[in-house]
Amino acid sequence: MPELPEVEFAARQLRRWMVGRRVERAVAEPSRVLRGRAPREIARALQGRRLEAVRRRGKYLLLDFDGGAGALLHLGMTGKLVRREVGEAEAYSRARFELDDRRAIHLRDPRKFGRLAVGPMARLERMKEVAALGPDANDPSLDARALAARLGRTCRPLKIALMDQRVLAGLGNIHAAEALFRAQLSPKRRSDRLSSAQLGRLAAAIGETIGFAFDSMPQAEADIEYVEEPGAENPFLVYGKAGERCPRCREPLRSFAQGGRTTFWCPRCQR
DNA sequence: ACCGCTGTTCTCCG
DNA sequence: TCGGAGAACAGCGG
């Protein structure tokens with residue numbers, strides 16, 4: 001499920017549900033989500049702590065508890081946060097925080113691609129995956145110059161570089177393809193050979209892509225669970241639309257494999 | 001029944 | 001050291 005917009009949605013939900021609350025019990029099942037750490041380490045690190053803040057860095061969630069304690073959460077491909085009553089079962093729950101309001105926040109992750117780590121926040125922030133993250137794709141100061149500094153570091157194809165979290169944090173397969181379509185740039189182009197006009201277009205396109213995704217998402221004020229209805233229409237411009245006509249030039253859209261993922265694009269108007 | 005997949009990380013290879 | 005391919009993780013939906 002999650003790229004940057006969905007993770008931002010999860011961050012907002014978590015703030016509403018959990019900031020200011022005390023964790024009465026933290027429970028985790030042994031699973032690869034814990035990366036070999038013992039469930040009781042989760043319990044020991046978080047039990048009795050009050051959540052002070054929730055931050056998002058790219059697709060990571062950083063939970064700041066009192067006393068400098070922290071939790072680092074990545075939703076992987078199928079992870080999601082849900083709120084239940086304490087005692088209510090949740091399928092595929094890999095960890096849960098039982099709060100002082102009789103609610104339990106579960107990390108539900110059927111495929112176990114997600115990740116939960118706990119410990120002093122200072123240590124979590126020094127972990128390589130977090131420390132090496134590029135600037136947030138949603139950062140309003142991301143302009144042509146900033147993008148040039150990031151993309152100039154590699155000669156890989158644009159689409160691959162945009163999905164590299166060390167280059168830019170937050171874009172995944174869908175939004176990288178969507179941003180390139182909006183910028184009219186080929187996913188195959190070398191990252192380090194863009195003109196400043198093209199970089200400007202790309203910076204704007206990334207902002208539009210993320211903004212559009214935010215806008216088409218339910219706002220986190222209500223206690224709704226974010227689930228796409230089955231049969232809902234594909235909301236994207238090119239993702240998942242191979243064979244359909246380009247919304248800009250009517251050329252049939254195409255797809256091809258790139259870095260083990262499927263890239264969707266318009267071969268006519270993306271150059 | 002089979003294939004693909006909104007993510008990350010690892011290994012193997014050039 | 002870089003980069004590409006493929007595998008692994010594991011369940012669901014088309």
7 Å from Cα along Cα→Cβ at both A:E208 and A:C249: what's the point-to-point distance in nm? 1.6 nm
Once you charge only the Cβ atoms, +1 for Lys and Arg and -1 for Asp and Glu, what is the size of the charge dipole of chain A about its Cα centre, to the nearest 20 debye? 1240 debye
In sequence order, what are the phi-derived ³J(HN,Hα) couplings for the range A:37-54 according to the Karplus relation 6.51 cos²θ - 1.76 cosθ + 1.60 with θ = phi - 60°, rounded to whole Hz, with x for glycine and proline? 6, 6, x, 6, 5, 4, 4, 4, 6, 10, 4, x, 7, 9, 7, 9, 7, 10
Net charge near A:A11, counting Lys/Arg +1 and Asp/Glu -1 over other residues with Cβ under 9 Å of its Cβ? +3
Using alpha-carbon coordinates, inclination of helix A:173-183 to the longest axis of chain A, degrees: 40 degrees
Burial ordering of A:C155, A:C246, A:C269, fewest other beta-carbon atoms within 10 Å first: A:C155, A:C269, A:C246
Cross-link pairs A:K128/A:K188; A:K59/A:K241; A:K159/A:K241; A:K59/A:K159 - those with Cα-Cα distance over 19 Å: A:K128/A:K188; A:K59/A:K241
Of A:A104, A:A91, A:A144, which is the most mobile in a GNM of chain A whose springs link Cα atoms less than 10 angstrom apart? A:A91
Leading residue at positive end of dipole, chain A (Cβ point charges), from A:A95, A:V27, A:Y239: A:Y239
What is the local net charge at A:D66, summed over the other residues whose Cβ is closer than 10 Å to its Cβ (Lys, Arg +1; Asp, Glu -1)? +1
Using alpha carbons only, how many angstrom separate the centre of the range A:130-166 from the centre of the range A:237-264? 23 Å
The base-10 log of I(q)/I(0) that the Debye equation returns for chain A at q = 0.07, 0.09 Å⁻¹, one scatterer per C-alpha, is -0.28, -0.45
What number, in percent, do you get for the relative contact order of chain A if the mean sequence gap of Cα pairs under 8 Å and at least 6 apart is divided by its residue count? 16 percent
Nitroxide proxy distance, nm - points 7 Å out along Cα→Cβ at A:S216 and A:T78: 2.4 nm
Footprinting exposure proxy for A:W265, A:W17 (fewest neighbouring C-beta atoms within 10 Å first): A:W17, A:W265
Name the residue farthest towards the positive end of the dipole of the range A:98-243 from the options A:I105, A:S195, A:A183, assuming +1 on Cβ of Lys and Arg, -1 on Cβ of Asp and Glu, about the Cα centre. A:S195
Compute the signed sum of charges (Lys and Arg +1, Asp and Glu -1) over the other residues within less than 14 Å, Cβ to Cβ, of A:R201. +2
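FYI, it's all coordinate maths here, none of it is from the lab. Given the structure is predicted, the values throughout are model-derived calculations rather than measurements. Using ideal geometry, Cβ is built from the backbone for each residue, glycine included, and neighbour counts are taken over all protein chains shown.
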